[in-house]
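Asker: Quick one: this structure, given as structure tokens, is what I'll be asking you about.
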Amino acid sequence: MVRRNPSASRGRSAAFGAMLLALFFGVSDVARAQDLSCSTGDLEVRSLKFEGNRALSDDELALRVTTTPSSDFRRNLRIPLGAKRCLNRVYLQRDIAAIEVSYQERGYYSAKADTVITRLSGGAVSVTFRVVEGPVTVLDSLKLSGLNGIPDSADIVRSLRTRQGMPFSYTLYFADLDSITKRLRNLGYYRATTVKAFGRDSLNAAAEIIVVPGPRMRFGTSILNVTPLADRTQQVPDNIVRRIMGISPGTLYSDRSITEAQRSLFQLGVYRHVEVAPLPDSLQPPGDSVIVLDVRLTEDFMKRLDTEYGWGSLDCGRFRAQYSNLNFLRSGRRFEVTGQASKIGYGLPLANNASRDVCTWLAGVSSAGVAGQNALASDSAFSSDLHYYGGLSFRQPRLVGTRWVPTLSIYSERRGEYKAYLRTTKVGADASALRDIGLRSQLRLGYTREFGQTDAPDALLCALFSRCDDSSRVDIKKLATLGVASASVTRLRTDNLVSPTRGTIVRSEYRTSASRVLGTDSSLFFHKGSVEAAIYAPFVGANVLSLRVRAGAVAGSRGSFIPPQERLYAGGANSIRGFQQNELGDVVYIARAGDVTKDTASTPIIYQVSDTSGFERVVPLGGNRLVVANLEYRVPDAFILPNFLQYTLFVDAGDVWNSGAKPTFKLTPGLGLRLLTAIGPIQVNFGYNQYARPHGPIYFEDPARVAPGAVRPDISPLYCVTPGNNIPLGIRDGVVQPPLAPVSCPATYAPVQRKRWYEKMSITLSLGPDF
């Protein structure tokens, strides 16, 4: 037995990661160099410095100026890789002005900046910005008047950023004036204005804000101007438009209400143009109490058919079609019929031997990690039948004058998780309500009730739940009712839904079935919570740095069985890319028939494999705790497909485990190629996995034998074949039988480990947003 040196392994991993890092950033700088050119005779900027600045840091000022030094490789290592950036004297003057404005925004109104250019050898220069900050102007007094009798006036005062005793900033002062006006308009003061008055010298300032709120006003009856499509009459009646707007005559005026009304109309999807605004003052009714809105709408087509099709390494062919009637029964309600299918070409009934061969070959090309691995064949138990979804849904724009948007769906489906489970729902219903709770933030409350069954690998049921005999496994897989209540919050603030370059995404969800009120079989009670956050930011030119963190936990009530579809899994193209799909965490191995030693002559009978035996496939067990983090750096290609191809450097870390156990977080670096297409990003990832395969139990499924009297003829006997096990088997009617009582299979099987570097590379393929 050869002992591995952990420190040496870590050293090799660190060296490999450093090599990837150096190579990647070298390519990154080469790509950026194409955006900036230096003509013959131009002076290269080797150094950028700031002197005399105290109120603003070097980093803050560097973000304000255009002048930028060449890449780190050129400046520090004198390697001709990366961007070469040259001096532009026109930009220097702009940079000086930008620095002085930055100081004025902080109250340094006499601040001055200048530059010193020092000639270096080799046609290069050092640029230094020298700053003379001067004295800061402090606000000695601030008077605020006109808010007496105004609701929330104390909160308005507290929200001001201009404060006595602080540096006086024109920028903050004018921002406060705008903020007060907006707050008052949302409280019904449509004609609210503010009067500014301020003065200053080099050291002191005095400011005053005079608020003129005007009368409090209410909405009148809106005027609707609807333009239908050519040769058609108006499709959505006026009374439906008014109901969806949610603005009733007599309610207090609010800019926020107008924005929400415009958003509600736009979200219907039946208008090409939506505009909601107050009529000009000259057209408003006489008096100072009513504001009439002018609503201008241009109708679009009311019916739509959308289709999507593609291929995935775990899906083979896939297709989705959706018919939408956006104005069902001329009521502004949406009615949709949706159908989708995957495993097309591999799953019955839409498959034959030829199509399966094609799917198998394509899946094998995109599989990696083990020579000869085939993604679909190794998941044959859950991929042999077509996966599908068919459903009807009905959506009401607004519920009884509120901002809630309810939806009712009825569906039937079959879906699965790779090597983990297959969920078949004969019939299901989902009732949900969605509402906006802030800028690009939504709250969803839902209740789902399904009548279906979940199939999971026999080895998983035996290893996790001691359901090793056929009757126990049939009991778990039987048809049952599952009712789940859920609540989720999504905050989406990115510049692009498919390939974001800046912004944030936050999602959280809680799901529970742990109540008979929900209609759930008591054996399926569980609680589940998850949270996910992602941030995207430009980092050096057009490159993008992104970080995602995801965590989750699931727990069952005493004596209950957590459905396999609610367990947590990690590993794969959208998770830890150094591992294949769902294979992070504990696993169970399935032995090859030719490796099993069947000593039926001994008493008791024992089945085993040797210490050097391989395995046929892996069954991931998942867990009830999960933490995953992904750090990714994307660089646009500058040579082949500048607008479509990106290079990716990533580091993924995380683990999935069961409560009571100690997590062992894994870290896998890698490189990726990302191609932007009309159907979404296609990404091929090469992840480096330095970790040994985990020890675990190994079982043998004997498809040639079925125990007499088995409840289901498709359930094969399951034997523990871990080397050195002493689990006795018996013979009944000449057939070897698994143990009658649940017996724990030793988790001591040590699979053959990956040794060569290319065996530690895991290739994953994804289609669509990464996260």
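Asker: Can you pull out every residue in region 268-277 that is assigned to a strand (DSSP E or B) and open to solvent by less than 40 Å² (accessible area, probe 1.4 Å)?
Answerer: Tyr271, Val274, Val276, Ala277
Asker: Only one residue in Arg232, Arg318, Arg304 is of a type outside the set (A, V, I, L, M), more than 30 Å from Lys419 (Cβ to Cβ), open to solvent by 30 Å² or more (accessible area, probe 1.4 Å) and part of a strand (DSSP E or B). Which one?
Answerer: Testing whether each residue is of a type outside the set (A, V, I, L, M), more than 30 Å from Lys419 (Cβ to Cβ), open to solvent by 30 Å² or more (accessible area, probe 1.4 Å) and part of a strand (DSSP E or B) leaves just Arg304.
Asker: Continuing with the same structure: Which of the strands (runs of 3 or more DSSP E) found entirely inside region 595-653 contain at least 1 residues meeting this: open to solvent by less than 40 Å² (accessible area, probe 1.4 Å) and either aromatic (Phe, Trp, Tyr) or within 30 Å of Asn725 (Cβ to Cβ) (or both)?
Answerer: Hits in region 595-653: 606-608, 617-620, 625-636.
Asker: Kindly indicate whether any position in region 259-267 is open to solvent by 20 Å² or more (accessible area, probe 1.4 Å) and among the hydrophobic types (A, V, I, L, M, F, W, C).
Answerer: Yes - at least one qualifying residue is present in region 259-267.
Asker: Wholly within region 681-771, which strands (runs of 3 or more DSSP E) include no fewer than the required count, namely at least 2 residues that are under 41 Å from the mean Cα position of the chain (by Cα) and either surrounded by 14 or more Cβ atoms within 10 Å (Cβ to Cβ) or modelled with pLDDT under 65 (or both)?
Answerer: Passing ranges, in order: 698-701, 718-720, 761-767.
Asker: In region 116-151, what residues are of a type in the set (S, T, N, Q), modelled with pLDDT under 95 and in contact with a strand residue (DSSP E or B) (Cβ under 8 Å, 6 or more places away or on another chain)?
Answerer: Passing the criteria: Thr118, Ser126, Thr137, Ser141, Ser145.
Asker: Then there is this: If Arg296 passes every condition in (1) among the charged types (D, E, K, R); (2) surrounded by 18 or more Cβ atoms within 10 Å (Cβ to Cβ); (3) modelled with pLDDT of 95 or more but one, which one does it miss?
Answerer: All conditions pass for Arg296, except number (2).
Asker: Another question, then. Of all the residues that make up region 549-559, how many are open to solvent by 60 Å² or more (accessible area, probe 1.4 Å) and of a type in the set (Lys, Arg)?
Answerer: 1
Asker: With respect to Tyr510, determine if the residue is over 15 Å from the mean Cα position of the chain (by Cα) and free of Cβ contacts under 8 Å to residues at least 60 places away in the same chain.
Answerer: When the stated conditions are applied, Tyr510 passes them.
Asker: Here is a further query. Go through (1) modelled with pLDDT of 90 or more; (2) assigned to a loop (DSSP other than H, G, I, E, B); (3) open to solvent by 50 Å² or more (accessible area, probe 1.4 Å) and name the single condition His527 misses.
Answerer: Here His527 meets the rest and fails (2).
Asker: While we're here: Please enumerate the residues belonging to region 578-594 that are open to solvent by less than 40 Å² (accessible area, probe 1.4 Å) and over 17 Å from Gly696 (Cβ atoms).
Answerer: Within region 578-594, just Gly578 meets the criteria.
Asker: Of all residues in region 151-209, how many are surrounded by fewer than 15 Cβ atoms within 10 Å (Cβ to Cβ) and either among the small types (Gly, Ala, Ser) or in a loop (DSSP other than H, G, I, E, B) (or both)?
Answerer: Number of matching residues: 15.
Asker: Let me ask something additional. Select from region 531-548 the residues that are in a strand (DSSP E or B) and either free of Cβ contacts under 8 Å to residues at least 24 places away in the same chain or open to solvent by 70 Å² or more (accessible area, probe 1.4 Å) (or both) and list them in ascending order.
Answerer: Across region 531-548, the qualifying residues are Val531, Ile535, Leu547.
Asker: Just for region 492-519: of the residues that are over 30 Å from Gly452 (Cβ atoms) and among the small types (Gly, Ala, Ser), which one is surrounded by the fewest Cβ atoms within 10 Å (Cβ to Cβ)?
Answerer: The selected residue is Gly503.
The values are calculated or read from the model by the stated rules, or taken from the named source; none is laboratory data. These numbers were taken from a predicted model, which means no experiment stands behind them. No Cβ is skipped: glycine too gets one built from the backbone with ideal geometry, and neighbour counts run over all protein chains shown. All accessible areas refer to the heavy atoms of the entire protein, side chains included, with ligands and DNA or RNA removed. Shrake-Rupley method; radii C 1.70, N 1.55, O 1.52, S 1.80 Å.
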